[in-house]
Amino acid sequence: MRCGFCLPACPTFSETGVEPASPRGRIALMKAAVDGLMVPDQQFQDQMNLCLGCRACEPACPADVKYGQLIEQTKEAMEEHATHSLPVKAIRRMVFKHIFPKHGRLKLLGGALSLYQKSAVKKAVQSTGVMKLLPKQLSEIEAILPAASSKGVVERLGTFFPAKGEPLARVALFRGCIMDIIFADTNVNTVELLSAAGFEVYIPEGQVCCGALYAHSGEMGDARKLAAVNIDTFKQLNVDYIVSNAGGCGALLVEYDHLMQEDFKYRDSAKWFASRVIDVSTLVVEKGRIPNFAQPESSVQAGKIKVTYQDSCHLRNVMKGSDAPRILMKQIANAEFVEMSEADRCCGSAGIYNIVQPEMAGFILEHKMEHANKTQASYMLTSNPGCLLQMKAGIGKHPPDHPMRAMHIVDFLHERMAGSE
Amino acid sequence: MLIETAVRQLRESVGEQFFRTDQEALIAHSYDGTPMLQALPDGVIYPGSTEQVSEIMQIASSHRIPVITRGSGSNLCGGTVPLQGGIVMVMHRMNKIIEVDMENLTAAVQPGVITGQFITHVEELGLFYPPDPSSMKISTIGGNIAECSGGLRGLKYGTTKDYVLGLTAVLADGSVLRTGGKLTKDVAGYDLTKLLVGSEGTLAIITEAVLKLIPQPKTKKTMVAMYKDIYGAARTVSKIIKNQIIPATLEILDNPTIRVVDDFAKIGLPLDMAAILIIEQDGEPEVVERDIEQIQLICREEQADRIEVAADRKEAEKLLTARRSAFTALARLRPTTILEDATVPRSKIADMILRTNAIAKKYNVNIATFGHAGDGNLHPTATTDARDHEEVHRVEAAFAEIFAAAIELGGTITGEHGVGVVKAPYLEWKVGEAGVEVMRGIKSAFDPLNILNPDKMFAKETKKRVVMQRG
């Protein structure tokens, strides 16, 4: 099927206007490589890497072409034959083999990062201009990173948190790796929000990274190993739902059944796992008791405050969870939800895309902020750590003519939940 | 392969970045929306102006290089597949709406403008451009003109040819031709504007168009009529027209189409019905009310099981957008979707559906039918698998018989998709030997070296008419 309905949905096609940078074009290139009509050379690989993996082409496709699976397989094949330069190899090795798979090491890193952020070292480092030696994107990210913490959600709340009132269901929080270090507060707020909505929350300690960064980089073997650990860990708990508060993680978790379909030992439990994965907003709206939300007293204003929302591509296109966050935002007394134009379009963050494809990410972010700034919103809410950081960067780079703050929707709701008590 | 001099000249003409010969560009321009067709070009060029197109054509004709012009490549007749190699000319850079003339109700556009964006633009100004091919979100105005695209509003408002008033086009030798203008009346010589509309890139390269706009209808109303019996739906179509009601849109979807469309769009279509009609009327409020009432009456007379009127514009748009996805959605059933475009006089819709279903049965192939029933334009669509050669052969045989049936009922082999390469063997069935000869003569007058989209429209061999099995 080559109808081209996917073209208008694709951010890289919109920016470049050329067929090879579209889903239809990329699939044609993949097929040509498989058919031996083309050599998967550097140009081929660059084109595949230019894809954000936002999967906006999938809901746009009436034929139900599974683009996400195709690009993942292609990246896996590329990775198998990859010859990375030495520094890239070293970084990949450290990140993929030694840091992400082990939560303990991540926490150590979080502690170190926290120390760095609190100490005079950060100031010293920044004033010496060492950061300028790093790629521009990395130093920009360093500047907007929130306070890291060595204390994750389990260290703060334990492994179980009871429901307020009659329990509606048993759920388990997927805490994530990045989320639990630089957004540990969001994890804590997620648990409290779930509890307020009537859920018993388990936070299994044995869980590891979801594997999304691996899968998107073509390291499928490692992604499967991590998935197996998570499946075993959550299966023991026999919960009704597995809750994610990061669209990027949730999208891989919800596809664990696809990831493990060749593994006959894990196939059934992967299905069990995938069928229970749900985004926090969707769970609260569809299965919970929606708490009352109101502006905290300190920020009660005469008029309504405007709130807008940047969809997480993976939450929207893979987890199909774009309605619930909007329903929740509309529940808040004294707030007005303003939809920005093209809210459903990728912000350019896309995992580590903004670091490896800075130019394209920059174009996409610029367009995004044009739309965001037009809403005149005071809050830009998101449902994924990558999008949140990107929106913070966007507000800094293309500042609106009014104050705007980027926040995870859970943190925003939590603040207002407290206000209602 | 292009000779080095040609490559150098083409690079100089448009600039290094806008002439590509790398394998990525060649592969990505080796296909269009048509299944089972692919051929690699030797180069891909992106002109930025009429002058550049003219220069490119001078170079191409001096080296006798085939030139295949294209927009988004959404056509379904293989019209933009570079069968003889050569250069694919992509018109996307020429994408400006040059002017909307509010006094003459015309617009001047470059060919690369996306149709849907153009429609939105003029509607924001309170005007109306009716041609609305299902691919309008992605297809370009230039492509629509080259293929004479139709759409869901063809029945009341006509198709692209009814809205093109003038053209700027570059001939094969690079000379620039201007036809028509902002004129409602113009009989100065042969009507070259109309001739170029639907010429499928075989006569000239369109680089600018003057389009007719009309006032926006005041109101619209959309309804769905559902039938347990598909022939009841088909008879309704003929009866509405016979009663001298011309709706803006009158679409039919059969059961397999209803199922796949709903699977994609999730709008709650009735999965247990044999067929539905989507009907829209626009115009003055009282006329719309009266027509919709009368149409409902006719639907009931023809045993419609249920009738629903869309509550608001949003609901109606959802319905029409879902209908536009029908062709692609059918790919959910089998890997290869071959869509055809048989058209009959409107009174023969029921006969044509009966014949199509009998033919599908005879050849043991799956054919879903949907289309613009109101203008007699049906899209019988085979869901098959290109890897099963034996089945594909049966599909082709079935389609040959469907075209023959259409012609026998006073119809044609294509209502809006064009001839391209897919229908070329059947062209003579419709226009006759004399027709093909005149067309070949016109082709050689415009393009004596046969470098503009060669192998399209005219087949090396005409298919023999199949013996019709009656009954």
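The values are calculated or read from the model by the stated rules, or taken from the named source; none is laboratory data. Since we're looking at a predicted model, the values are computed, not measured. A quick note on method: Cβ atoms are made from the backbone with ideal geometry, for glycine too, and the neighbour counts reach across all protein chains shown. Surface accessibility is based on the protein's heavy atoms, side chains included, excluding ligands, DNA and RNA. Shrake-Rupley method; radii C 1.70, N 1.55, O 1.52, S 1.80 Å.
Only residues that are surrounded by 20 or more Cβ atoms within 10 Å (Cβ to Cβ) and either more than 9 Å from chain B (Cβ to nearest Cβ) or over 23 Å from B:Thr80 (Cα atoms) (or both) were counted across region A:34-45, and they come to 1. Screening the candidates B:Gln58, B:Gln52 for the property of being part of a helix (DSSP H, G or I), within 24 Å of B:Lys96 (Cα to Cα) and more than 9 Å from chain A (Cβ to nearest Cβ) yields one hit, B:Gln52. Does region B:123-144 contain at least one residue that is assigned to a helix (DSSP H, G or I), open to solvent by 10 Å² or more (accessible area, probe 1.4 Å), in contact (Cβ under 8 Å) with a residue 40 or more places away in the chain and within 14 Å of another protein chain (Cβ to nearest Cβ)? The answer is yes; a qualifying residue exists. Note on region B:304-332: residues that are among the small types (Gly, Ala, Ser) and over 14 Å from B:Lys221 (Cβ atoms) total 6. Looking for something over 20 Å from the mean Cα position of the chain (by Cα), at the interface with chain A (Cβ under 9 Å from one of its Cβ atoms) and more than 16 Å from B:Leu452 (Cβ to Cβ) - is there at least one such residue anywhere in region B:63-78? Among the residues of region B:63-78, not one is over 20 Å from the mean Cα position of the chain (by Cα), at the interface with chain A (Cβ under 9 Å from one of its Cβ atoms) and more than 16 Å from B:Leu452 (Cβ to Cβ), which makes the answer no.
The conditions of being within 14 Å of chain A (Cβ to nearest Cβ), of a type in the set (Gly, Ala, Ser), out of contact with any Lys or Arg (no Cβ under 6 Å at 6 or more places or on another chain) and within 17 Å of B:Val422 (Cα to Cα) are not met by B:Ala322. If you go through region B:173-192 and pick out every residue that is surrounded by fewer than 12 Cβ atoms within 10 Å (Cβ to Cβ) and of a type in the set (Gly, Ala, Ser), you end up with 2. One residue stands out in region B:361-376 among those that are under 24 Å from the mean Cα position of the chain (by Cα) and open to solvent by 10 Å² or more (accessible area, probe 1.4 Å): the one that is nearest to B:Ile258 (Cα to Cα), namely B:Ile367.
When each of A:Ile99, A:Ile181 is tested for being more than 18 Å from A:Asp279 (Cβ to Cβ) and at pLDDT 70 or above, the lone residue that passes is A:Ile181. The sole residue among A:Leu389, A:Leu381 that is crowded, with 19+ Cβ neighbours inside 10 Å and part of a strand (DSSP E or B) is A:Leu381.
Checking each residue in region B:7-52 for being buried (at least 24 other Cβ atoms within 10 Å of the Cβ) and among the small types (Gly, Ala, Ser) picks out B:Ala28, B:Gly33, B:Gly43. The residues of region B:67-115 that are open to solvent by 40 Å² or more (accessible area, probe 1.4 Å) and either among the charged types (D, E, K, R) or in a strand (DSSP E or B) (or both), listed by number, are B:Arg93, B:Lys96, B:Ile97, B:Ile98, B:Glu99, B:Glu103. Checked against (1) away from every other protein chain (no Cβ under 14 Å); (2) of a type outside the set (S, T, N, Q); (3) touching a helix residue (DSSP H, G or I) at 6+ places or on another chain (Cβ under 6 Å), B:Ile87 passes all but a single condition, namely (3).
Taking region B:436-463, which residues are among the small types (Gly, Ala, Ser) and open to solvent by less than 70 Å² (accessible area, probe 1.4 Å)?
Within region B:436-463, B:Gly441, B:Ser444, B:Ala459 qualify.
Within region A:241-276, the set of residues being more than 23 Å from the chain's Cα centre (by Cα) and charged (D, E, K, R) comprises A:Glu262, A:Asp263, A:Lys265, A:Arg267, A:Asp268. Please work out which residue is farthest from the other protein chains (Cβ to nearest Cβ), limiting yourself to region B:145-165 and to residues that are in a helix (DSSP H, G or I) and touching a residue at least 60 places away in the same chain (Cβ under 8 Å). Only one residue fits best here, namely B:Lys156. Residue count for region A:46-75 under the criterion of being without any contact (Cβ under 8 Å) to a residue 40 or more places away in the chain, more than 8 Å from chain B (Cβ to nearest Cβ) and either touching a Pro at 6+ places or on another chain (Cβ under 9 Å) or among the acidic types (Asp, Glu) (or both): the result is 3. Summed over region A:1-33, the residues that are of a type in the set (Ser, Thr, Tyr) and crowded, with 23+ Cβ neighbours inside 10 Å give a count of 2. Of all residue pairs spaced 6 or more apart or on separate chains, those with beta-carbon atoms under 9 Å, a first member in region B:1-18 that is among the basic types (Lys, Arg) and a second member that is modelled with pLDDT of 95 or more are B:Arg11/B:Phe18; B:Arg11/B:Phe19. Only residues that are under 26 Å from the mean Cα position of the chain (by Cα), more than 10 Å from chain A (Cβ to nearest Cβ) and among the small types (Gly, Ala, Ser) were counted in region B:5-42, giving 1. Here region A:1-15 is the region considered, the condition is being modelled with pLDDT of 95 or more and over 18 Å from A:Asp64 (Cβ atoms), and the residue that is nearest to the other protein chains (Cβ to nearest Cβ) is A:Phe13.
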